[in-house]
1. Taking the criterion of being in contact (Cβ under 8 Å) with a residue 12 or more places away in the chain and closer than 30 Å to residue 114 by Cβ, would at least one residue in the stretch 44-52 satisfy it?
2. What about residue 103, is it buried (at least 18 other Cβ atoms within 10 Å of the Cβ) and modelled with pLDDT under 95?
3. Restricting attention to the stretch 18-38, which residues are buried (at least 17 other Cβ atoms within 10 Å of the Cβ), over 19 Å from residue 90 (Cα atoms) and without any contact (Cβ under 8 Å) to a residue 60 or more places away in the chain?
4. Given the criteria touching a strand residue (DSSP E or B) at 6+ places or on another chain (Cβ under 6 Å), part of a helix (DSSP H, G or I) and surrounded by 19 or more Cβ atoms within 10 Å (Cβ to Cβ), does residue 141 qualify?
5. Considering only the stretch 54-67, I want to know if a residue exists there that is crowded, with 19+ Cβ neighbours inside 10 Å, more than 13 Å from the chain's Cα centre (by Cα) and either modelled with pLDDT of 95 or more or closer than 18 Å to residue 99 by Cβ (or both).
6. For residue 12, work out the one condition from (1) farther than 27 Å from residue 103 by Cβ; (2) modelled with pLDDT under 95 it doesn't fulfil.
7. Would you check which residues across the stretch 67-126 are in a loop (DSSP other than H, G, I, E, B) and closer than 21 Å to residue 147 by Cα and list them?
8. Return only the number of the condition from (1) surrounded by fewer than 22 Cβ atoms within 10 Å (Cβ to Cβ); (2) on the phi < 0 side of the Ramachandran plot that residue 73 does not satisfy.
């Protein structure tokens, strides 16, 4: 497996960042290259300095362009707005998009996936699980990637 994954998701709380790191680590152990935006952000965010907003935006777009597939964490009663933008951008440039939903709450206007219909229609495959087993999650993501991967 040599696919490069852009892992899109909220990264504003400690819990979100730790969850992202766990998923990225599992995917890396499975043989994927993972672009995790929060790792790139750590390189340029300095305490007591203005947030390099434009640079962070460009890092995100560059990462999506570098990736073979985007895996987007779509948890929450309304998925993170930045993640939603990344999904739209990935869809617009033709990157396969996997939606990951571990949230048990109902939400959105697409009852099949509990997300906004604009997201559900842009996503090629969903991984929906409440399991806390990381290995099981990584296997489900791998299966979804294999299902949407374009022949090389």
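1. The first filter runs over the stretch 44-52 and keeps only residues in contact (Cβ under 8 Å) with a residue 12 or more places away in the chain, leaving 44.
Pick out the ones that are also closer than 30 Å to residue 114 by Cβ and you get none.
Within the stretch 44-52, not a single residue is in contact (Cβ under 8 Å) with a residue 12 or more places away in the chain and closer than 30 Å to residue 114 by Cβ.
2. Values: buried (at least 18 other Cβ atoms within 10 Å of the Cβ): no; modelled with pLDDT under 95: yes.
Spelling it out, it is not the case that residue 103 is buried (at least 18 other Cβ atoms within 10 Å of the Cβ) and modelled with pLDDT under 95.
3. Matches in the stretch 18-38: 19 only.
4. On the way: touching a strand residue (DSSP E or B) at 6+ places or on another chain (Cβ under 6 Å): yes; part of a helix (DSSP H, G or I): yes; surrounded by 19 or more Cβ atoms within 10 Å (Cβ to Cβ): yes.
For residue 141, the condition - touching a strand residue (DSSP E or B) at 6+ places or on another chain (Cβ under 6 Å), part of a helix (DSSP H, G or I) and surrounded by 19 or more Cβ atoms within 10 Å (Cβ to Cβ) - is met.
5. Step one: filter the stretch 54-67 for residues crowded, with 19+ Cβ neighbours inside 10 Å, giving 60, 63-64, 67.
Then drop every residue that is not more than 13 Å from the chain's Cα centre (by Cα), which leaves none.
There is no residue in the stretch 54-67 that is crowded, with 19+ Cβ neighbours inside 10 Å, more than 13 Å from the chain's Cα centre (by Cα) and either modelled with pLDDT of 95 or more or closer than 18 Å to residue 99 by Cβ (or both).
6. Among (1) farther than 27 Å from residue 103 by Cβ; (2) modelled with pLDDT under 95, residue 12 violates only (1).
7. First, pick out the residues of the stretch 67-126 that are in a loop (DSSP other than H, G, I, E, B): 67-68, 74-80, 93-96, 102-109, 111-114, 116, 123-124.
The answer is 67, 68, 74, 93, 94, 95, 96, 102, 112, 113, 123, 124.
8. Status for residue 73: all satisfied but (1).
The values are calculated or read from the model by the stated rules, or taken from the named source; none is laboratory data. Remember, predicted model here, so these are calculated numbers, not experimental data. Every residue, glycine as well, gets a Cβ built from its backbone with ideal geometry; the counts of neighbours run over all protein chains shown.
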